[in-house]
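Here's the structure, in structure tokens; my notes come after.
The values are calculated or read from the model by the stated rules, or taken from the named source; none is laboratory data. If you're wondering where the values come from, they're calculated on a predicted model, not measured in any experiment. Here Cβ is always computed from backbone atoms with ideal geometry, including for glycine, and neighbour counts include all displayed protein chains.
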Amino acid sequence: MKVLICASGNRDTLSPFVKEQAESLKKLDIEIDYFLIEGKGVCGYLKNIPAFRNMVDKGNYSLVHAHYGLSGLFATFQRKIPVIITFHGSDIHKKTNRPFSLLASRFSHKNIFVHPMQAHKLHLKQKDTTVIPCGVDLKTFTPSDKKNAREKMGWDLNKKYILFSSHFNNPIKNVSLALNAIDKIDQDIELIELKGFTKKEVALRMNAADLLLITSFSETGPLVAKEAMACNCPIVSTNVGDVKTLIHNTNLCFIVSNDPLNIQKKIELILKNNDRTNGQKKMPNYDLPHIAKRLKVIYKQCKIT
């Protein structure tokens, strides 16, 4: 089987979760090529159509797997081979992106969502959709001794370290709420911005830190919560994405309101307990090879003969 991955090429590199997923598929004897769309907006995307059609005509592909709604709509501008689209969240939640995703979902052969609550925003019936979350590399994200992790990091063994789920300057992540809650805690705490690190570096920090804090206004997953679960790192999160379902019945993991006092109390509870979670037990179904096998089933259903 030969699959063409279609995604935006406007970043310096391909989105890590797209690349990780593709590399996992290669291990299942699926040949992978990439078409990266260069250009912004509808006009920018349209300029890529001749090159894309030429690649499809010459590539002998079984199908196209597009990531995000606009790339999915772009991929349907050829009708030679089936198109599968994975919708990741921002392509649905943002009102400016939703019309393109809505249209794309009608022309695709199969629609995949990373969260079960997304399909209804595109007015799709459950039977016409598949939920396959982004996978986690459980060989990288695995529990290790907290003290040893801190020594590798050069962190103070007596200080409290909290990981923030993303960039401080991303407004959707709501860092002001995180800072407001931490300021109320009478302890020496450092908030670590998860920005610019490799996956291995993130995993080391998750094993060294006291907890992961997510204060976002909205999220698709987020993947960082799954990575923290795989490392048995405690989590305090607003009720976004699928975090509530993910952490259900997991010790030292809490869903909080947007009230800094509520967040403060949960953080203090975790810091007082000074223990790890049992989150790794929930992660086998999110392992990258498991996700790849599920995708391969979808591919076989949709590929051209």
>> Against the condition at pLDDT below 95, aromatic (Phe, Trp, Tyr) and within 25 Å of the chain's Cα centre (by Cα), how does Tyr45 come out, does it pass?
In response: yes
>> Exactly one condition in (1) of a type in the set (Gly, Ala, Ser); (2) over 28 Å from Lys94 (Cβ atoms); (3) assigned to a loop (DSSP other than H, G, I, E, B) is false for Ser166; which is it?
In response: (2)
>> Looking for something buried (at least 22 other Cβ atoms within 10 Å of the Cβ), within 16 Å of Phe17 (Cα to Cα) and of a type in the set (Phe, Trp, Tyr) - is there at least one such residue anywhere in the stretch 85-101?
In response: yes
>> Against the definition (buried (at least 17 other Cβ atoms within 10 Å of the Cβ), of a type in the set (A, V, I, L, M, F, W, C), under 19 Å from Lys226 (Cα atoms) and out of contact with any Gly (no Cβ under 6 Å at 6 or more places or on another chain)), how does Phe141 come out, yes or no?
In response: yes
> Where in the stretch 208-272 are there strands (runs of 3 or more DSSP E), lying fully within it, with 1 or more residues that are under 16 Å from Met117 (Cβ atoms), in contact (Cβ under 8 Å) with a residue 24 or more places away in the chain and of a type outside the set (Asp, Glu)?
Replying inline: 235-238
> Among the residues of the stretch 276-298, is there at least one that is outside any helix (DSSP H, G or I) and within 23 Å of Ala181 (Cβ to Cβ)?
Replying inline: yes
>> Here is a check on your reading of the model: is Lys139 of a type in the set (D, E, K, R), at pLDDT 90 or above, in a loop (DSSP other than H, G, I, E, B) and on the phi < 0 side of the Ramachandran plot?
In response: yes
>> What pairs come out if I take residues in the stretch 58-75 that are touching a residue at least 60 places away in the same chain (Cβ under 8 Å) and pair them with residues that are basic (Lys, Arg) and outside any helix (DSSP H, G or I) whose C-beta lies under 6 Å away, six or more apart or interchain?
In response: Ser62/Lys2; Ser62/Lys303; Leu63/Lys303
